[in-house]
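S.K.: Pasting in a structure now, in structure tokens, and then I'll have a few things to ask.
The values are calculated or read from the model by the stated rules, or taken from the named source; none is laboratory data. All of these numbers come straight from a predicted model, not from anything done at the bench. Please note: Cβ atoms are built from the backbone with ideal geometry, for glycine as well, and neighbour counts cover all protein chains shown. All accessible areas refer to the heavy atoms of the entire protein, side chains included, with ligands and DNA or RNA removed. Shrake-Rupley method; radii C 1.70, N 1.55, O 1.52, S 1.80 Å.
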Amino acid sequence: MMEQRIRNRAFFDKIMSSEQASLLIKDGMTVGLSGFTRSGDAKVVPLALADRVQKSGEQLKINLITGASIGDEVDGVLAEAGLIHKRLPFQNERKMRGKINAGELLFIDQHLSHTAEQVRSGFLPPIDVAILEIVAITEEGFIIPSTSVGNSSIFAELAGQIILELNVAQPLGLEGLHDIYEPGQRGQRQPIPMTSVEQRIGTPYIKIDPDKVAAVVITEKSDSTSAIKAPDEETEVMAGHLIDFFEQEVKKGRLPRSLAPLQSGIGSVANAVLHGFLKSDCTDLEVYSEVLQDAVFDLMDAGKVKFASACSITLSPERAADVIPNIDKYRDRILLRPQEISNHPEIIRRLGLICINTAIECDIYGNVNSTHVMGTNMMNGIGGSGDFARNALLGVFVTKSTAKDGKISSIVPFVSHVDHTEHDVDLIVTEQGLADLRGLAPRERAKVVINNCAHPLYKDALLDYYNAAVKRGGHTPHLLEEALGWHANYLQTGSMM
């Protein structure tokens, strides 16, 4: 069996344990890990490193660069062991988040399309060691990624040393699903030659220098699954608002019946809204996204989605148990690409995507906060939402109108942290309704957002704020002394009301 996985005999001589491989990592190094939203991440060597440090008591800290979030166990153990000096570009783990917000480790919240560019340009520290999960090594000594590509290709190209985690729990059927394209240095590159979602422009493997491979570690540890929640009544209503809007756009001739390629952000709300397409009349849909979650495979099985391109496959436990062992079923309808391609502004704009992402809060003028709770506490990171929203045909943000049992309004006078400005937001959708902000000036936007998206508990207060601000004047009317008063009130009393 191992000969099927390792087809170049020279790599057998590099097989070692995760404990032995962890010794290659030294204090102060910058380490690149494969992995994107809990899938295809390096697992056993990082855990062996944490175990080694905890047992030896040695002082060791690393800079950790990934594709996006990795498995909770890995990020959690590394954070708890105090091994991380600096982390980027995205995370989604409670212990890691706690240490970031306590100032115990540094976090760079970065657009996911930018990381490879900054590594390539030398703006980030050189990658000393790359730890990459793979399913096979080809006869030429090239590597086949597993359930994500992330930044693995740029890490493999530029790292000083490479550790390969050959995961036999990942099916060999993943081979052939990847499309690895290297754009080259800025200022010297050609246009990316992609004009359709299903187009293959690269290779099904990552080219590496075999001499840089210092270790091959055999593993059989499955991906962490996603904690995606099933659609609820409110998210189903939100999906209904959005589908009604799309149907009107089709009737007006602004969208075809198959719409435009869809992107859906990470998380339960965006996944649930996408899931709503099961009840629509839309067919022959295409997906060009960073993550393929449960809804995409549900839509494929229902005959709604004909092709999906992304960077990773991240599923709930139930869907993972069904999809991953039977990946051949989807072989002709999926491609996995590096994240700088899946999230590339050039491609997003050329293909004209409809991009659906999740907000923490939106303000009455259309600014969106997708990262910081009460303006200061990091949740996960901006991820790819900025890559997509800025360049989308339609930039859509979805959120429930309230949180914490109504104590927090998700529609506020002014967001406590700005990730997406009003210039990049076309639609805001809550269970209350949909605000189409295209072609509206700020004063028009405010009325549409309040009337269509705010919860009845807060609508009158938002209108009072807006009307008082208008009396003071300005292109974008605000009462600066009150703009963040709702957030301050919540921190003082436990409610925005």
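S.K.: For residue 87, which of the numbered conditions (1) open to solvent by less than 20 Å² (accessible area, probe 1.4 Å); (2) of a type in the set (D, E, K, R); (3) in a helix (DSSP H, G or I); (4) in contact with a Leu (Cβ under 6 Å, 6 or more places away or on another chain) fails to hold?
M.R.: (3)
S.K.: Still on this structure, please answer the following. Name the residues in the stretch 203-217 that are part of a loop (DSSP other than H, G, I, E, B) and open to solvent by less than 30 Å² (accessible area, probe 1.4 Å), would you? Before the answer, list the steps.
M.R.: So in the stretch 203-217, the residues part of a loop (DSSP other than H, G, I, E, B) come out as 204-205, 207-209.
Listed by number, the list holds a single entry, 208.
S.K.: For the stretch 272-292, which residues satisfy the criterion of being in contact (Cβ under 8 Å) with a residue 40 or more places away in the chain and open to solvent by 10 Å² or more (accessible area, probe 1.4 Å)? Even if it seems obvious, please write down each step before you answer.
M.R.: Step one: of the stretch 272-292, the residues in contact (Cβ under 8 Å) with a residue 40 or more places away in the chain are 272-276, 279, 286-292.
Hits for the stretch 272-292 are 275, 276, 279, 286.
S.K.: Would you pick out the residues in the stretch 1-49 that are modelled with pLDDT under 95, surrounded by 13 or more Cβ atoms within 10 Å (Cβ to Cβ) and out of contact with any strand residue (DSSP E or B) (no Cβ under 6 Å at 6 or more places or on another chain)?
M.R.: Once the filter is applied, which keeps residues that are modelled with pLDDT under 95, surrounded by 13 or more Cβ atoms within 10 Å (Cβ to Cβ) and out of contact with any strand residue (DSSP E or B) (no Cβ under 6 Å at 6 or more places or on another chain), the stretch 1-49 yields only 38.
S.K.: Further question: Go through (1) out of contact with any Gly (no Cβ under 7 Å at 6 or more places or on another chain); (2) open to solvent by less than 10 Å² (accessible area, probe 1.4 Å) one by one and return the number of the condition residue 332 breaks.
M.R.: Going through the list (1) out of contact with any Gly (no Cβ under 7 Å at 6 or more places or on another chain); (2) open to solvent by less than 10 Å² (accessible area, probe 1.4 Å), residue 332 breaks only (2).
S.K.: Can you tell me which residues in the stretch 156-169 are open to solvent by less than 10 Å² (accessible area, probe 1.4 Å) and under 15 Å from residue 205 (Cβ atoms)?
M.R.: Selection gives 156, 162, 164, 166.
S.K.: Here is a follow-up. Select from the stretch 377-400 the residues that are part of a loop (DSSP other than H, G, I, E, B) and among the aliphatic types (A, V, I, L, M) and write down the one among them that is nearest to the chain's Cα centre (by Cα).
M.R.: For the stretch 377-400, the residue satisfying everything is 382.
S.K.: Does any residue of the stretch 401-415 turn out to be more than 30 Å from residue 255 (Cα to Cα), under 23 Å from the mean Cα position of the chain (by Cα) and in contact (Cβ under 8 Å) with a residue 24 or more places away in the chain?
M.R.: The answer is yes; a qualifying residue exists.
S.K.: How many residues, within the stretch 383-419, are more than 21 Å from residue 268 (Cα to Cα) and β-branched (Val, Ile, Thr)?
M.R.: Residues that pass the stated criteria total 3.
S.K.: Identify all residues within the stretch 293-315 that are part of a helix (DSSP H, G or I), open to solvent by less than 10 Å² (accessible area, probe 1.4 Å) and not β-branched (Val, Ile, Thr); write none if there are none.
M.R.: If the condition is that a residue be part of a helix (DSSP H, G or I), open to solvent by less than 10 Å² (accessible area, probe 1.4 Å) and not β-branched (Val, Ile, Thr), then 295, 297, 299, 300 are the ones that fit.
S.K.: Another question about this same structure. Mind checking which pairs have a first residue in the stretch 229-244 that is within 17 Å of residue 452 (Cβ to Cβ) and a second that is of a type in the set (D, E, K, R) and not in a helix (DSSP H, G or I), Cβ under 7 Å, 6 or more apart or different chains?
M.R.: 234/400; 234/431; 237/431; 238/431
S.K.: Kindly check whether there is at least one residue in the stretch 224-233 that is assigned to a loop (DSSP other than H, G, I, E, B) and closer than 15 Å to residue 42 by Cα.
M.R.: Yes - at least one qualifying residue is present in the stretch 224-233.
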